Amino acid sequence: MAQELFRSPKKRGRVAVLLSGRGSNFRAIHEAMLAGKINADIVLVFSNKAEAPGLQTARERGLETLHLDPKSFPTKEAYDAAIVEELKKRQVDLVCLAGYMKIITPLFCQAFRNRIMNIHPALLPAFPGVEAQAQALAYGVKVAGCTVHFVDEGVDTGPIILQACVPVLENDTVESLSERILEQEHVIYSRAVRLFAEGRLVIEGHRVRILGQDLP
Ligand code: GAR
């Protein structure tokens with residue numbers, strides 16, 4: 001059955017970003033919000049890493065931040081349950097995984113079913129998991145790219161929202177290819193969050209339809 005992820009355009013969306021590192025995707029999404037392109041606000045930036053540079057950026061930008069140490073929880077489920085509680089407390093509509101290097105548990109997926117997005121630096125379903133750009137380069141593909149998808153219980157397997165491709169050049173290194181892909185990540189992640197906030201994403205089975213895109 002089709003599931004339309006609609007919200008009233010009058011209400012501003014409440015977005016939480018989960019990150020583990022640099023946070024450039026978080027910055028891109030936040031900047032699109034500040035520029036008025038997305039009818040939503042970031043109400044929490046969360047990290048599993050106390051020292052994540054993205055957390056520091058969020059503090060400098062006056063956003064609420066939270067760090068929970070996975071080591072102080074007995075299980076992965078207990079950790080995710082604590083995160084879910086914090087997200088619910090803040091009435092979060094959409095969770096954006098932006099370089100969040102932890103696999104989330106089914107408990108987390110179910111609590112925010114079809115309301116968790118992830119950015120992956122490959123054209124899924126090719127090259128899931130870690131070091132996707134290195135995998136693409138080693139395989140010898142001529143076109144690489146990135147994917148924004150809804151998160152399900154698998155690793156990088158959820159319904160695809162947007163993808164963008166970039167060429168792989170003869171003298172590319174993992175760094176140069178990653179940089180070219182990252183530029184596109186910032187574009188499509190912000191666009192996907194905007195589409196969600198505009199209520200234009202409909203999930204049909206494993207397919208995400210974008211309303212208003214196929215009109216003449
Ligand atoms: C991005 O390239 C993102 O696609 C990748 O981590 C980087 C985070 O950069 N995510 C994954 O590989 C998830 N499997 P950022 O912290 O600057 O946004």
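The values are calculated or read from the model by the stated rules, or taken from the named source; none is laboratory data. As the structure is a computational prediction, the values presented were derived from the model and not from experiment. Methodologically, a virtual Cβ is constructed for each residue, glycine included, from the backbone with ideal geometry; neighbour enumeration extends over all protein chains shown. Surface areas here come from the heavy atoms of the whole protein model, side chains and all, with no ligands, DNA or RNA. Shrake-Rupley method; radii C 1.70, N 1.55, O 1.52, S 1.80 Å.
The table below lists the values:
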{"read-out": "Residue, most open to solvent (accessible area, probe 1.4 Å), within the range 113-151, restricted to residues that are part of a strand (DSSP E or B) and hydrophobic (A, V, I, L, M, F, W, C)", "value": "VAL143"}
{"read-out": "Restricting the range 165-201 to residues that are farther than 14 Å from ALA144 by Cβ, outside any helix (DSSP H, G or I) and not polar (S, T, N, Q), the residue that is nearest to the ligand (Cβ to nearest atom)", "value": "LEU201"}
{"read-out": "Of all residues in the range 111-151 being of a type in the set (D, E, K, R) and more than 9 Å from the ligand (Cβ to nearest atom), the one that is nearest to the chain's Cα centre (by Cα)", "value": "ARG115"}
{"read-out": "Filter pass, GLY154 being surrounded by fewer than 16 Cβ atoms within 10 Å (Cβ to Cβ), without any contact (Cβ under 8 Å) to a residue 12 or more places away in the chain and within 14 Å of the ligand (Cβ to nearest atom)", "value": "yes"}
{"read-out": "VAL45 vs. criteria modelled with pLDDT of 95 or more, in contact with a Gly (Cβ under 9 Å, 6 or more places away or on another chain) and of a type in the set (Val, Ile, Thr)", "value": "yes"}
{"read-out": "Test: residue in the range 146-158 that is β-branched (Val, Ile, Thr) and out of contact with any Leu (no Cβ under 9 Å at 6 or more places or on another chain)", "value": "yes"}
{"read-out": "Residue in the range 87-101 that is within 16 Å of the ligand (Cβ to nearest atom), part of a strand (DSSP E or B) and aromatic (Phe, Trp, Tyr) present", "value": "no"}
{"read-out": "Residue within the range 9-24 that is open to solvent by 70 Å² or more (accessible area, probe 1.4 Å), touching a Ser or Thr at 6+ places or on another chain (Cβ under 7 Å) and outside any strand (DSSP E or B) present", "value": "no"}
{"read-out": "Among (1) within 14 Å of the ligand (Cβ to nearest atom); (2) farther than 26 Å from SER72 by Cα; (3) open to solvent by 10 Å² or more (accessible area, probe 1.4 Å), the one test that MET33 misses", "value": "(1)"}
